[in-house]
């Protein structure tokens, strides 16, 4: 097939960590971009969501007909989908199914190219299940009628990436670490900005068509060396690292889950993959698409700078399927509603309640929330350490500690769905009603639908705490909203 430059591209995975940063780069190049996403509401958080060259199609890759519709008129398609976050232990099977559906959906379309981002280490022996799954996806995509460019990257260094978050939290929280032997494995990390440059530039470089291209940064280090570099960037003393041969991937992932925001379900495949050496086989990427590359220390510093300023474009925790609205009909539903009249506008009240979680906390009794988060981490939940992307801004699909935003209307409505380990379904909802231009009402509602006897026991066990926690929250929101209103009126 002759090489032709692309004018319209399809992006699958636009709400994920890489995809959410790739789309604006493609738009900056003057391309028309079509995104196939399960939850279009997630895209509303991005400043580029209203670009006239952006088209959004709602649908999932498990529907071949939807893929066919999305592929109409496109010249190239990015496949940036990985089921590890949403499919649990069956992620490899799920990845195969989605990749096969994608290939079937492109059959007979105008699409000439597929561009896929996989993982370094896929070609060696004794692969982890995670890297083996990445290799399987690449092989399935390569059966397509479209020429496939497979990029292979190791750890991506960028604010909000899962691997970077693991590294940062381990170093930040543990001055002494007993680690598996994999900390002596060599890897060649790459800055997210360099990944994006390669993904965009390959559209204009004919030599990348139909090739497997390893991409990495300037440096090759062991994970142990990366930990010390992270400590330096954080302004911490050198960490004491003691590698031992007895820590299994299961134990390693449990420890990662306990210390970092990444839960054990995601941490385990990542930990298993660390035993494979992940270094570029050659410098073909740099020869075909020359340009400056970040060194590791500069990439870490840049990512930490983004975190410090709160300017995190995308985050690993935002990816994945949204839990649908809980089906509250059927079965007993416990509900607690509290409201306060606030001497502040609706927008100020909403701005105040939107600070919930993360470093800001829950307006009091934070030690109780901390204890609940610790209990959740201990049994494999996300706990509180997942934090939030921005200290004040929220959008549909975002993670907030052990909650997920599954309902959002600016200045009016916020609904959080609990992703903590619970014997039931839980929601925390806030509604703001404008009374007049300087007065509003904040309505806070907690709902819980128990599953079985254990769910009923749980509800009545925590009920006494509600009489302290929930009034404290709504009164704290009132206090903050009125302070905010007063500061703006001064």
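The values are calculated or read from the model by the stated rules, or taken from the named source; none is laboratory data. Predicted model only: the values in this text are computed from it and were never measured. Reconstructed Cβ throughout: ideal geometry from the backbone, glycine too, with neighbour counts over all protein chains shown.
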Consider residue 373 against the criteria (1) surrounded by fewer than 21 Cβ atoms within 10 Å (Cβ to Cβ); (2) in a loop (DSSP other than H, G, I, E, B): it satisfies all of them except one. Which criterion is unmet?
-> (2)
Taking region 362-391 only, how many residues are in contact with a helix residue (DSSP H, G or I) (Cβ under 7 Å, 6 or more places away or on another chain) and under 25 Å from residue 475 (Cβ atoms)?
-> 6
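Name the residue that is nearest to residue 55 (Cα to Cα), counting only residues in region 65-75 that are in contact with a helix residue (DSSP H, G or I) (Cβ under 6 Å, 6 or more places away or on another chain) and buried (at least 20 other Cβ atoms within 10 Å of the Cβ).
To start, the set of residues in region 65-75 that are in contact with a helix residue (DSSP H, G or I) (Cβ under 6 Å, 6 or more places away or on another chain) comprises 67-68, 71.
Subset that is buried (at least 20 other Cβ atoms within 10 Å of the Cβ): 67, 71.
Values: 67: 14, 71: 12 Å.
The extreme case among them is 71.
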Filtering region 197-247 down to residues that are free of Cβ contacts under 8 Å to residues at least 24 places away in the same chain and surrounded by fewer than 15 Cβ atoms within 10 Å (Cβ to Cβ), which residue is nearest to the chain's Cα centre (by Cα)?
-> 235
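Conditions tested, residue by residue: (1) under 22 Å from the mean Cα position of the chain (by Cα); (2) in a strand (DSSP E or B); (3) within 19 Å of residue 384 (Cβ to Cβ).
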site	(1), (2), (3)
405	yes, yes, yes
411	no, no, no
414	yes, yes, yes
444	no, yes, no
Spot the failing condition for residue 398; the list is (1) under 21 Å from residue 44 (Cα atoms); (2) at pLDDT below 90; (3) crowded, with 16+ Cβ neighbours inside 10 Å; (4) out of contact with any helix residue (DSSP H, G or I) (no Cβ under 6 Å at 6 or more places or on another chain), and only one is missed.
-> (4)
